[in-house]
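First comes the structure, then the notes that go with it.
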Amino acid sequence: MKFAIILAGTLSLSALTCPAQDPKPASEYAGLRDRVKGGDLSVDFARLRISYIDSPEHQNAKDTDDQKTQMIQAINAHDYKKAIHNAEIVLENDYTDMDAHFGEFIAYREQGDAKASEFHRAVFDGLIRSILNSGDGKSKEKAYVVASVHEEYVVLRVRKLQPGEQSLVSDQGHSYDLLEAKDPATGKTVELYFNVDVSMNHMMKIFGDKK
């Protein structure tokens, strides 16, 4: 009995003198995501986007296409609470989703929550600028570096271009999506190159693991 009391006292003292350590983030993506969610907008948004692709969070993510559709429908119907609810489901699965951040920017703005609206606008801005600053898209050498096909179409929307034909180009060990897009303001067709090494390498890892 005396030994049990001493042992219990020792364990109690140990618990007091050894503070619990915060659990480490599950991945690089999770660490960067949590920093942004905490208000740190100085993170490397390119790394946030790219690290998501090979993360366990991406592997375990659910399909949220329905929630995106419902978010857009809710915004159009001025049901901003529902829009935010669906956008949050999207972001829980992929915090790099620019559509969801832009949706929350609009919804919170219309609700009069300037702080939340500005936060999501800033995150959207950080994500899209990390792509636009990676090149100019005019050549393979200066291709925009993207982590997914979806990001290519976000770039087109931001640049106010209408998507056209798309083809995959391989050159010197790199892969590129070549998109033809129309500028409705001028009627001219422009070609944009997107470096898709990140997504191609991810696919190769998946198929390689299945062999």
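Where a number appears in this text, it was derived from the coordinates with a stated rule and is not lab data. Note that the structure is predicted; figures quoted are calculated from it, not measured. No Cβ is skipped: glycine too gets one built from the backbone with ideal geometry, and neighbour counts run over all protein chains shown.
Angle between the Cα long axis of helix 197-209 and the longest principal axis of the chain, 0 to 90 degrees, nearest 10?
Relative to the chain, helix 197-209 is tipped by roughly 60 degrees.
For a Förster distance of 25 Å, can you work out the FRET efficiency between the beta-carbons of Ala26 and Asn201, rounded to the nearest 0.05?
0.75
Given the alpha-carbon gyration tensor of region 144-209, what are the semi-axes of its equivalent ellipsoid in whole angstrom, ordered largest first, with each equal to the square root of 5 times an eigenvalue?
Computed over region 144-209, the values are 26, 12, 8 Å.
With no solvent and one equal point scatterer per Cα, compute the Debye intensity ratio I(q)/I(0) for the chain at 0.10, 0.12 Å⁻¹ and report its log10, rounded to two decimals.
Log10 of I(q)/I(0), two decimals: -0.55, -0.73.
Which of the trypsin sites (Lys or Arg not before Pro) found in region 91-193 are in a DSSP loop and have at most 10 neighbouring Cβ atoms, other than their own, within 10 Å?
Lys160, Lys188
Which of the three applies to region 67-120, rounded, prolate or oblate, going by the alpha-carbon gyration tensor with a ≥ b ≥ c and a/c under 1.5 meaning rounded?
Cα axes put region 67-120 in the oblate bin.
Full extension from Lys37 to Asp79: what is 0.36 nm times the residue separation minus their Cα-Cα distance, to one decimal in nm?
Net length gain for the segment: 12.7 nm.
For region 73-148 and region 166-189, what is the centre-to-centre distance using only Cα atoms, to the nearest Å?
23
Got a sec? How would Ser117, Ser170 order by Cβ neighbour count within 10 Å, fewest to most?
Ser170, Ser117
Counting helices only, and only those DSSP H runs with n ≥ 4, report the 222 nm mean residue ellipticity of the chain as the sum of -39,500 (n - 2.57) divided by its residues, in deg cm²/dmol to the nearest 500.
-18000 deg cm²/dmol
Quick one: which of Lys62/Lys142; Lys68/Lys142; Lys68/Lys115; Lys82/Lys188; Lys62/Lys182 span more than 28 angstrom between C-alpha atoms?
Too far apart for the 28 Å limit: Lys62/Lys142; Lys68/Lys142; Lys82/Lys188; Lys62/Lys182.
Taking 0.36 nm per residue of separation and subtracting the Cα-Cα distance, what length does fully extending Arg129 through Val149 add?
The span from Arg129 to Val149 would gain 5.6 nm if fully extended.
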